[in-house]
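What follows is a single structure, written as structure tokens, with notes after it.
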Amino acid sequence: MGIKIFAILSVMAVCILSPLRFYFTGSYDKDSIEFKVMDSIYHGIAGQPPPDISDDFPPFLWVYPIFTYVFSIVVFYCLYDFTNQVLRTRQKYLASQNSITDRTIRLDGIPKQLQQRHRLKKFIEDLGIGNVVDVKLIYDWSPLEKLFTKRTELVDNLEYLYASLYTLDIDIYNKQKIPSVNPIFDSPIDGSTTDTVKDLIKQYSEELISLDQEIHIIQNKFDPNLSTIDVKQHNDFKQIPSAFITMDSVASAQMAAQTVLDPRVYKLIVNLAPAPKDIIWGNLKLTYYQKLFKSYLITFLIVLSYGFIIFLVVPLTSLLDLKTITKFWPALGEFIGQSEWLTTFVTGILPPLLFTILNLSFPYFYRWLSQYQGHSSNSDIELSTLSKNFFFIFFNLFLIYVAAGTFWDYISYISDTTKIAVQLATSLKRMALFYVDLILLQGLTMFPVKLLQVSDFLILNILGKFLPRMFLRTPRNYRTYYYTPQVFDFGIHLPQHILIFMIILIYSVVSTKIVTCGLVYFIMGLLVYKYQLVYNFVHPPHSTGKVWPMIFRRVMLGLIIFQLFMCGTLALESAILLSIMCAPLIPVTLFICWNFEKYYVPLNTFIALRAILSPYDYDKVFDDDQSFNSDEEESALEIRSSEAGPIDESSFLLEEHARIRRRKSTIDEEREEFTNYTYPYLIDPLDGPWVGFSGDQVSMVEYKVNSSSLEQGSRVDPLVGESETIVKKKLVVSEWE
């Protein structure tokens, strides 16, 4: 979409707007014009008096409101055209699925009289929205979670001890063989600490055996058939007034998610459930007030961080102007001014470089904060990170950058407040070179670095080969580093590109060079991310399309700033009439935002029931551009009705012939084929420490007490101890693990 928009704007700017501007003013961009006008208004030009505000403005300025309208219309059209594509793809894709995630709802605020499995199931079915397949009550599994946390630490310690006791045969760089890291039991590492290591292995293994027995006792308390536990007999576990309810069809789940079930507030609140592997189970036990407290605390920390960043950004903006540097540090300003190259570097290259460093470091900090905000799924963390990072970039590195550039001038001209407005009005023009350098720096340097995957090359091939003991100490470490792909996080990658989109849009009329640089930026971005998303990155969360509304709102914010900027620019050019003519664009944009929230956002949240009933004829049924023969369409519907019998909310997806002609599963369905909403620690296998792997075959230590787990693998020799047995087991994990 960005390429399409800026390609159209670039063609108009290069072929029409800039030639007209050059013909009438002798300047290809508008930057120099405004500086001349502003200078003449407030300082005078060579004895020429400042122009009266009532003077007629140059006829050429009519070009700017015209192109403001044209560019706004282009953005409106492209945004809604792409929105329709997103909705069409989303509805068609999700309507054709029948995964457990699409059929499951999460019910919060369950009254005490309904906190039993059979009562809750009967209540939902009595509503007449469909049949309930399964009900998973949610409990506070904190005692079990603590045991697994301790178990993970013990397993990590044992893996490190086994790796330090035997030499590792590392064969992962030979493309002709299956990658493997296995211990050589015939050649133990000799040393004075060997006996100590063996004693520690014995100690940790005994602790692990004891811990596994405790875990087995807790797991046996859970009834896998009823998905419940008797909290009266086992008061260590508290029931939470929430549950995952799996319906018999996607239509039933969608209808349930769009209904109000209880007249009281905070009771029987229905939401679509996240994917089972996307859930953060530890946060499900948090109460409403605990989540509220965490949210306010994180918000307070973010505000504090903004205050800290302002002190970093405000001095940085002084580097944009050599006069400002000279004013507050004359010696440094004079030294920089002696070299044209140094002046260009300090005022043009250094600020974007520092901007990029800030932009790369803080998003990870805000993602870390979002993890402690109490969100119940990784998808919610991703969306929360996107919001925080965009606000950070937009407010602290755009608004503050633009406004703080006048801070030092405000200190100097505190006695003459009339000049503050002039400095604020000209700051965007002064920032034009900075943003050109920023876009070029991001596009021409950062994108190639991302494409080359320099970090992977350094870590895996340089440090992994020559300094492996720094971070590759166990077979699990090797497999994690060499097998686990990078996760694409919208919250980390997307905010910066949205901001650059807004910047290009704001300067689209007054600066042709920024529009053309922006077009190059998005073309390179398409090439890089298309490659990475196909071959390198994975995106674990269940695809729901929730990111697009956030993008739409922020692009509309940029459009409003663009329109305000053009109104202010024309007003400062004494073209008050033209400024007033641009003003109606702002309420029009706000109306379009309201229209999007009213009619488009629900389709980004839910799946239409008609789409669910016609998942394989979507293009035919919902293509309004095609002309249908009403008689043929009616007869076709009659034939379908006669074959299918009475239609209810779930009959279509449950018909046998619909199952037969159902196409192959989507990626999300393949991921979730064998998953359910049972708490993972209740069913996770208690695998022993890894001592090696060959491809997907992992060698792990199992102890005699856990001999039942040997049935899942193939028992092989040798024995490394009296109570230890090596078991080879095929590892089956998700593609992001």
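The values are calculated or read from the model by the stated rules, or taken from the named source; none is laboratory data. Quick caveat, the model's predicted, so the values are computed rather than measured. Here Cβ is always computed from backbone atoms with ideal geometry, including for glycine, and neighbour counts include all displayed protein chains.
Looking at I325, I336, I349, which one is over 17 Å from I309 (Cα atoms) and over 41 Å from the mean Cα position of the chain (by Cα)? Walk me through how you get there before you give the answer.
Numbers: I325 fails: over 41 Å from the mean Cα position of the chain (by Cα); I349 fails: over 41 Å from the mean Cα position of the chain (by Cα).
Matching residue, one of I325, I336, I349: I336.
Going residue by residue through the range 197-205, is there one that turns out to be within 29 Å of Y372 (Cβ to Cβ) and either surrounded by 15 or more Cβ atoms within 10 Å (Cβ to Cβ) or without any contact (Cβ under 8 Å) to a residue 40 or more places away in the chain (or both)?
If we filter the range 197-205 for residues that are within 29 Å of Y372 (Cβ to Cβ), which is where we start, we get none.
No, the range 197-205 contains no residue that is within 29 Å of Y372 (Cβ to Cβ) and either surrounded by 15 or more Cβ atoms within 10 Å (Cβ to Cβ) or without any contact (Cβ under 8 Å) to a residue 40 or more places away in the chain (or both).
It is to be established whether one or more residues within the range 45-57 are touching a Lys or Arg at 6+ places or on another chain (Cβ under 9 Å), more than 28 Å from E597 (Cα to Cα) and at pLDDT below 80.
The answer is yes, given that some residue of the range 45-57 is touching a Lys or Arg at 6+ places or on another chain (Cβ under 9 Å), more than 28 Å from E597 (Cα to Cα) and at pLDDT below 80.
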Query raised in the report: So which helices (runs of 4 or more DSSP H) are wholly in the range 116-226 and hold at least 2 residues that are of a type in the set (V, I, T)?
Result: 142-165, 194-221
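Are any of the residues in the range 534-546 in contact (Cβ under 8 Å) with a residue 40 or more places away in the chain, part of a helix (DSSP H, G or I) and more than 17 Å from the chain's Cα centre (by Cα)? First the steps, then the outcome.
Initial filter on the range 534-546 (in contact (Cβ under 8 Å) with a residue 40 or more places away in the chain): 536-546.
Narrowing the set further to residues that are part of a helix (DSSP H, G or I) leaves none.
Within the range 534-546, none of the residues are in contact (Cβ under 8 Å) with a residue 40 or more places away in the chain, part of a helix (DSSP H, G or I) and more than 17 Å from the chain's Cα centre (by Cα).
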Query - Which numbered condition F391 misses (of (1) of a type outside the set (G, A, S); (2) in contact (Cβ under 8 Å) with a residue 24 or more places away in the chain; (3) closer than 21 Å to I310 by Cα) - result: (2)
Query raised in the report: Restricting the first residue to the range 147-160 and requiring it to be farther than 15 Å from Q213 by Cα, which pairs with a second residue that is surrounded by fewer than 17 Cβ atoms within 10 Å (Cβ to Cβ) meet a Cβ separation below 8 Å and a spacing of at least six or different chains?
Result: Y160/R473
Query raised in the report: L527: surrounded by 19 or more Cβ atoms within 10 Å (Cβ to Cβ) and touching a residue at least 24 places away in the same chain (Cβ under 8 Å), yes or no?
Result: no
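Run down Y478, Y521 and say which single residue is closer than 30 Å to C15 by Cα and either aromatic (F, W, Y) or in contact with a strand residue (DSSP E or B) (Cβ under 7 Å, 6 or more places away or on another chain) (or both).
Values: Y478 fails: closer than 30 Å to C15 by Cα.
Exactly one residue qualifies, and that residue is Y521.
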**Report entry** Which numbered condition G307 misses (of (1) out of contact with any helix residue (DSSP H, G or I) (no Cβ under 7 Å at 6 or more places or on another chain); (2) closer than 22 Å to P680 by Cβ)
**Finding:** (2)
Requested in this report: Look at I229 and say whether it is at pLDDT below 90 and over 24 Å from E672 (Cβ atoms).
Outcome: yes
Query raised in the report: If you go through the range 208-226 one residue at a time, do you hit one that is surrounded by 18 or more Cβ atoms within 10 Å (Cβ to Cβ) and under 30 Å from E125 (Cα atoms)?
Result: yes
Report summary line: So, first residue farther than 18 Å from Y435 by Cα and among the polar types (S, T, N, Q) in the range 310-335, second residue surrounded by fewer than 17 Cβ atoms within 10 Å (Cβ to Cβ) and modelled with pLDDT of 70 or more, Cβ within less than 9 Å, six or more apart or across chains; the pairs are T326/L332; T326/E334; T326/G337
Query raised in the report: Looking at (1) under 30 Å from I607 (Cα atoms); (2) at pLDDT 90 or above; (3) surrounded by fewer than 19 Cβ atoms within 10 Å (Cβ to Cβ), can you tell me which one T89 breaks?
Result: (2)
Query - Answer from V538, V510 - the residue that is modelled with pLDDT of 80 or more, in contact with a Phe, Trp or Tyr (Cβ under 9 Å, 6 or more places away or on another chain), of a type in the set (A, V, I, L, M) and farther than 28 Å from Y69 by Cα - result: V538
Query raised in the report: Which is part of a helix (DSSP H, G or I), modelled with pLDDT of 80 or more and surrounded by fewer than 13 Cβ atoms within 10 Å (Cβ to Cβ), of L304, L297?
Result: L304
Query raised in the report: Is one or more of the residues making up the range 489-496 over 27 Å from C567 (Cα atoms), aromatic (F, W, Y) and not in a helix (DSSP H, G or I)?
Result: no
Query raised in the report: In the range 592-599, is there at least one residue being surrounded by fewer than 16 Cβ atoms within 10 Å (Cβ to Cβ) and either β-branched (V, I, T) or touching a Cys at 6+ places or on another chain (Cβ under 6 Å) (or both)?
Result: no
